[in-house]
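Take a look at the structure below.
The values are calculated or read from the model by the stated rules, or taken from the named source; none is laboratory data. This one's a predicted model, so the numbers in the text were calculated from it and none came from an experiment. Note that we place each Cβ from the backbone using ideal geometry, even for glycine, and neighbour counts take in every protein chain shown. Surface areas here come from the heavy atoms of the whole protein model, side chains and all, with no ligands, DNA or RNA. Shrake-Rupley method; radii C 1.70, N 1.55, O 1.52, S 1.80 Å.
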Amino acid sequence: AGTVNKAVVASLAAQGVLACGLSGRDAGLLRAEIKDPALGRVGTISHVDPKVLICLLDQGFVPVLAPIAQGPDMQALNVNADTAAGALAGALRAEYFVLISDVPGVLSQDGKLLPRLDQETIQDLIRKDVITGGMIPKVEACLFALAQGAGKALILDGRSPSSLLRFLKDGEPLGTLVLP
C-alpha cells in the first residue's frame, strides 16, 4: 500500500497538487480490531481520529491514505479501503462521501442503474443477491459514512469524463445516491 501511495502522491505532485501519503497507523488515524483470526491480519475499524487529516487539509494538502490500521498490540491490520474511506468521511463530517467505481453505480437485477437507495432497500437487495461482491462493501461504506456524520453518499462511475463535476455542478443524474 505504501508503494501505491508514493505513486499517487507523485502523480498529484506532477499536476501541481500538494499531497501527503500516510497510512491509517500514522498519528493514530485508524484503529481496528481483528475481524476473524482465520483471515490473518485483517481488521474492522473501531476508531477514527482525524486530527492529522484536519491539519493536512487546513494546510492545503491532499491526504493519500493506505488502508492499514493500528490493531491490538500495535500490529498493522489491513482494512477494506472503501470502509476506511467511509469511516474517514464520517469522522470529518464530509458534505459528500463519493466512491468512484468502474460501473455506473448500483444496478438492479436487470442491469439498470438504481439512482437512489436507502438502508432498508440496500439490505433487501443484498438479501436478494442483487447487490453482490465488491459492491457490498461500497454500499456498506456509504451507510457507515452517513451514520457517522457525512452529509450525502454517492457511488459514481469514474470512467465517465468529469462525472463528479457534472453531478455536483450541473446536477446531472449520475451514479447512485445513498440516503440514510
Shape call for the chain from the C-alpha gyration tensor, a ≥ b ≥ c root eigenvalues: rounded (a/c under 1.5), prolate (a/b greater than b/c) or oblate?
oblate
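State the antiparallel share, in %, of DSSP beta bridges confined to the chain, rounding to the nearest 5.
Details: 12 of 27 bridges.
In the chain, approximately 45 percent of DSSP beta bridges are antiparallel ones.
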The stretch 98-167: which trypsin sites (Lys or Arg not before Pro) are DSSP loop and have at most 11 other beta-carbon atoms within 10 angstrom?
K112, K128, R159
The stretch 69-76 - phi-based ³J(HN,Hα) in whole Hz, Karplus 6.51/-1.76/1.60, Gly and Pro as x
10, 7, x, x, 6, 6, 7, 7
With springs only between Cα atoms under 10 Å apart, run a GNM on the chain and tell me which of A94, A69, A14 wobbles the most.
A14
Only Cα pairs within less than 10 Å get springs; with that Gaussian network setup on the chain, which residue of A81, A27, A13 has the largest fluctuation?
A13
Counting only protein heavy atoms, what percent of the accessible surface of the chain is carbon or sulfur at a 1.4 Å probe?
55
Sequence-distant residues sharing a close amide H with E172 (under 5 Å, placed H):
F167
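Work out the length of the dipole vector of the stretch 112-180 about its Cα centre, built from +1 on the beta-carbon of each Lys and Arg and -1 on the beta-carbon of each Asp and Glu, and round it to the nearest 20 debye. Display every interim value, and only then the final one.
Numbers: 9 positive and 8 negative charges, 33 e Å.
I would put it at about 160 debye.
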Once you charge only the Cβ atoms, +1 for Lys and Arg and -1 for Asp and Glu, what is the size of the charge dipole of the chain about its Cα centre, to the nearest 20 debye?
240
Using modelled backbone amide H atoms (1.01 Å from N, in-plane), which distant-in-sequence or interchain residues come within less than 5 Å of K35's amide H?
V42, G43, T44
Measuring from label point to label point, each 7 Å out along Cα→Cβ, what is the S46 to A13 span in nm?
3.6
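Which whole-number value in Å² is the accessible area per residue of the chain, probe 1.4 Å? Walk me through the numbers before you get to the answer.
On the way: 9990 Å² over 180 residues.
Roughly 55 Å² per residue, with all protein chains present.
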Taking the stretch 28-172 and dividing mean pair separation by its residue count, relative contact order in percent (alpha carbons under 8 Å, at least six apart)
24
